[in-house]
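Structure first, commentary second.
The values are calculated or read from the model by the stated rules, or taken from the named source; none is laboratory data. Note that the coordinates shown come from a computational prediction; the quantities given were computed from them, not determined experimentally. Positions of Cβ are backbone-derived with ideal geometry, glycine not excepted, and every protein chain shown enters the neighbour counts.
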Amino acid sequence: MVMKFPEIPKSVFRLSLFGTICGAVVLIKDYTKGRKYKSEERMAGKTVIVTGANSGIGKATSHDLAKRGARVIMACRDMGACGRAKDTIIKETYNQNICCKYLDLSSMQSIRKFAEEMNKENRVDILINNAGIMMCKRALTAEGIELQLGVNHFGSFLLTHLLLDKLKASAPSRIVNLTSLSYKTSCINFEDLNSENNYSESEAYKQSKFALVLSTKEYAKKLEGTGVTINLVYPGVTKTKISRHTDLQKSFLSWIVLGPVFWLVEKSPEEGAQTVIYAAVEPSIEKTNGKIFIDLEEQEIPYLRKTDEADGKRLFATSQKWSRIT
């Protein structure tokens, strides 16, 4: 005898399939959020500098550190946006010890002026190099350096150098550099470092992030035993204004095709800030130096090629020369 099962109505099947797809989307979206840093560690008495603090990950990081009681110096180019962000943070955290300071990372004169002012602070415990620019049309900094390389690498390189004495005097202290994993498909083109002969928006961006990675490793070697640590953070794919120059933001067709995918994997600024906060706050990693943190976990920063270590030293010397600090 053959048993016959009742036929499932197509409407029920479709509803079930729709529910399964929705459930899968929710699970994927929840997974891509990453882990939340749940420590209630206080930061009272500590001074933190956050570049690019008026929006995105910088603002979310500033908000969290202010909530923990830190004195937060929001270093921004857009003072209007910085002021509005500051007012919001004060209102929501009840921490009045928040201030806005002008900093344009595309101008070494601005960086030097900002650093001179910061060195008058009683202490600087944490420097978070968050500000950056991504895949813009070719432009130059005030000193004639390709803009992405100038802001993403040279800006943070010079600022870090100029604040080292203050950071050492405030030790134990930390430097946190934000990066992108796109550096893994790049190299340093010393023959055309300034992209004068050939410019690609994406390749220039990747080179700038690779330069940041190599200089972080070199700084880490030089800072051993000083009480100052320097580490990288990859925050994950996060919805911030840094992507405003990409094709996804400029092309309606690209947005139609790729928008849903990015929506699925993108983090909010608050979610993207979690590992940044961890690297700045977590007591157990106070002496961790020269590593990269991804989703609240420490990883080694690998040299991707046999020449990378030598290239790192060469880049460091070149960066000192171009920044006029030797």
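Only one residue in Val228, Val261, Val213, Val233 is of a type in the set (A, V, I, L, M) and at pLDDT below 95, so which one is that?
Working: Val228 fails: at pLDDT below 95; Val213 fails: at pLDDT below 95; Val233 fails: at pLDDT below 95.
None of the others qualify; the one that does is Val261.
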Restricting attention to region 283-300, which residues are surrounded by fewer than 18 Cβ atoms within 10 Å (Cβ to Cβ) and in contact with a strand residue (DSSP E or B) (Cβ under 9 Å, 6 or more places away or on another chain)? Ile285, Glu286, Lys287, Thr288, Ile294, Asp295, Glu298, Gln299, Glu300
For Cys136, which of the numbered conditions (1) on the phi < 0 side of the Ramachandran plot; (2) at pLDDT 95 or above fails to hold? (2)
Leu248 passes all but one of the listed conditions (1) modelled with pLDDT under 95; (2) surrounded by 21 or more Cβ atoms within 10 Å (Cβ to Cβ); (3) farther than 21 Å from Leu149 by Cβ; the exception is number (2)
Helices (runs of 4 or more DSSP H) lying entirely in region 70-170 (those with 1 or more residues that are over 17 Å from the mean Cα position of the chain (by Cα) and closer than 30 Å to Ile188 by Cβ): 108-118, 156-169
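The rows are residues; the columns are (1) of a type outside the set (Val, Ile, Thr); (2) loosely packed, with under 14 Cβ neighbours inside 10 Å.
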site: Lys86; (1), (2): yes, no
site: Glu92; (1), (2): yes, yes
site: Lys101; (1), (2): yes, no
site: Leu105; (1), (2): yes, no
site: Gly132; (1), (2): yes, no
site: Thr141; (1), (2): no, no
site: Gly144; (1), (2): yes, yes
site: Gln148; (1), (2): yes, no
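Yes or no, residue by residue, for (1) among the acidic types (Asp, Glu); (2) farther than 25 Å from Ala279 by Cα:
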| site | (1), (2) |
| --- | --- |
| Ile126 | no, no |
| Lys137 | no, yes |
| Leu140 | no, yes |
| Gly144 | no, yes |
| Asp165 | yes, no |
| Ser173 | no, no |
| Ser180 | no, no |
| Asn189 | no, yes |
| Glu203 | yes, yes |
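Within region 171-192, can you find the residues that are of a type in the set (A, V, I, L, M) and part of a loop (DSSP other than H, G, I, E, B)? Before the answer, list the steps.
Keep residues of region 171-192 that are of a type in the set (A, V, I, L, M), which gives 171, 175-176, 178, 181, 188.
Answer for region 171-192, where residues must be of a type in the set (A, V, I, L, M) and part of a loop (DSSP other than H, G, I, E, B): Ala171, Ile188.
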Of all residues in region 42-65 being outside any helix (DSSP H, G or I) and of a type in the set (D, E, K, R), the one that is surrounded by the most Cβ atoms within 10 Å (Cβ to Cβ): Lys46
